[in-house]
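Data block below; observations after.
The values are calculated or read from the model by the stated rules, or taken from the named source; none is laboratory data. Being a predicted model, the structure only gives us computed values, none of them experimental. No Cβ is skipped: glycine too gets one built from the backbone with ideal geometry, and neighbour counts run over all protein chains shown. Heavy atoms of the whole protein, side chains included, go into the accessibility calculation; ligands, DNA and RNA do not. Shrake-Rupley method; radii C 1.70, N 1.55, O 1.52, S 1.80 Å.
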Amino acid sequence: MSMTQQATPAVDTPPAPGPKQSDGRTRQRPPALRLLARPEVGVFLGAVAVLVFFLFAAPPVRDGSSMANILYQSSTIGIMALPVALLMIGGEFDLSAGVAVITSALTASMLSYQLTMNVWVGVIVALLVSLAIGAFNGWLLVKTGLPSFLVTLGTFLILQGVNLAVTKLVTGNVATDDISDMDGFSQAQKLFASTFTVGGVNVKITVVWWLVFAALATWVLLRTKYGNWIFAVGGNKHSARAVGVPVTFTKISLFMLVGFGAWFVGMHQLFSFNTVQSGEGVGQELIYIAAAVIGGCLLTGGYGSAIGPVFGAFMFGMVQQGIVYAGWNPDWFKAFLGVMLLGAVLINLWVQRTATRR
């Protein structure tokens, strides 16, 4: 008798699912660490702390008009700190930014007054001069390979001397003549130095321009190819050039953006006070750079944001006006700024190390 056996195919039973393994390289960082990785987070917390401190230490700060003055003071720093921050993200900085503001204002004022021309002619020529100064800084940097510290230090000294010497030569004084009665003055003043009312509080137009420029700079950094170029040349310009980034154009255009900021702030000063002191502006470049550093930008480049310098400038304006409203000696202002700068650098360093820790 024969028996037929039928083979039954073996069925592989899959193992019971266990916990998903991770090798650590693809591990998702906690949301708190991802938030800390943002360069503006540290300065935002610092700005809130400074605001709360002066709300208690200086009761007049709680008044709407006082806050408008603080925002105005912040805006005059913040408008210039924005292009300086973009330049720092691109790996460079500009020591001539402070005196370039005065050069722009002097150019518009003296050209309009001495030639008896509409002030808008002086405004346009001042814009061209400011852009040319920025282009010269960028071109010299790219062509020679010199550090931006040396290039812009030279420009700083040149402009400082030219501001004083040319003003004395043309006007016979260290200040320009009053241009408030010249053609086009009222229209230009509305654009650069007007005031509007919100809830019974007078607010300077520079506050609006400051926020508009900040929004525009943020969009450029985060949503455009040019923003990617800025981060790339700041991180490593040789690698950026190797992948097709126009390093020369990016560097020069960033310096020209600083020139544009200097022109705008210079026009604000001119049409706010009708005249310009030729010796001013020295030391302001450090304020702009400090606002950018406090805002999370690194001196080494490749890291930062446009929002951070907004909070950095706000901290400067709050401290400067808060000391006055608190009735303290204003000589302490620079000491407070030094403490703020060192504190911001240490906080940013801690934030970066915490955010990159796995």
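Ranked from largest to smallest solvent-accessible area, with a 1.4 Å probe on the protein heavy atoms, 124, 289 come out as 124, 289. In a simple Cβ point-charge model (Lys, Arg +1; Asp, Glu -1; nothing else charged), the chain has a dipole of about 1420 debye relative to its Cα centre. Measuring nothing but alpha carbons in the stretch 283-349 and taking Rh as the Kirkwood radius, the Rg to Rh ratio lands at 1.00. Accessible surface ranking for 129, 203, 1.4 angstrom probe, highest first: 129, 203. Within the assembled protein chains, the solvent-accessible surface assigned to residue 186 is about 60 Å², based on a 1.4 Å probe. Note on residue 62: accessible area is roughly 150 Å² with a 1.4 Å probe, heavy atoms of protein only.
Once you sort the root eigenvalues of the Cα gyration tensor of the stretch 41-84 as a ≥ b ≥ c, which label holds: rounded (a/c under 1.5), prolate (a/b larger than b/c) or oblate (the other case)? Oblate, because a/c is 1.5 or more while a/b does not exceed b/c. Element breakdown for the chain at a 1.4 angstrom probe: carbon and sulfur atoms account for 65% of the accessible area. Computed with a 1.4 Å probe over protein heavy atoms only, the accessible area of residue 209 comes to about 70 Å².
Considering only 143, 168, 237, the mean-square fluctuation computed in a Gaussian network model of the chain, springs between alpha carbons under 10 angstrom, is largest for 143. When log10 I(q)/I(0) by the Debye sum over Cα atoms at q = 0.08, 0.11, 0.14 Å⁻¹ is computed from the coordinates, the matching label among [x] -0.39, -0.77, -1.27; [y] -0.45, -0.79, -1.20; [z] -0.48, -0.75, -1.04 is [y].
Residues 182, 318, sorted by accessible area with the largest first, give 182, 318 [1.4 Å probe; ligands and nucleic acids excluded].
The alpha carbon convex hull volume per residue for the stretch 202-358 rounds to 157 Å³. Taken over the stretch 67-117, the convex hull of the Cα atoms encloses 104 Å³ per residue. Nearest 0.05, what FRET efficiency do residue 225 and residue 128 give at R0 = 30 Å with Cβ-Cβ as r? Efficiency computed from Cβ-Cβ geometry: 0.65. Per-residue ellipticity at 222 nm computed for the chain from its helices equals -23000 deg cm²/dmol, with DSSP H segments shorter than 4 residues left out and the rest contributing -39,500 (n - 2.57). Applied to the stretch 329-343, the Karplus parametrisation 6.51 cos²θ - 1.76 cosθ + 1.60 on θ = phi - 60° returns per-residue 3J(HN,Hα) values of 5, x, 5, 7, 4, 5, 5, 4, 5, x, 5, 4, 5, 4, x Hz, with x for Gly and Pro.
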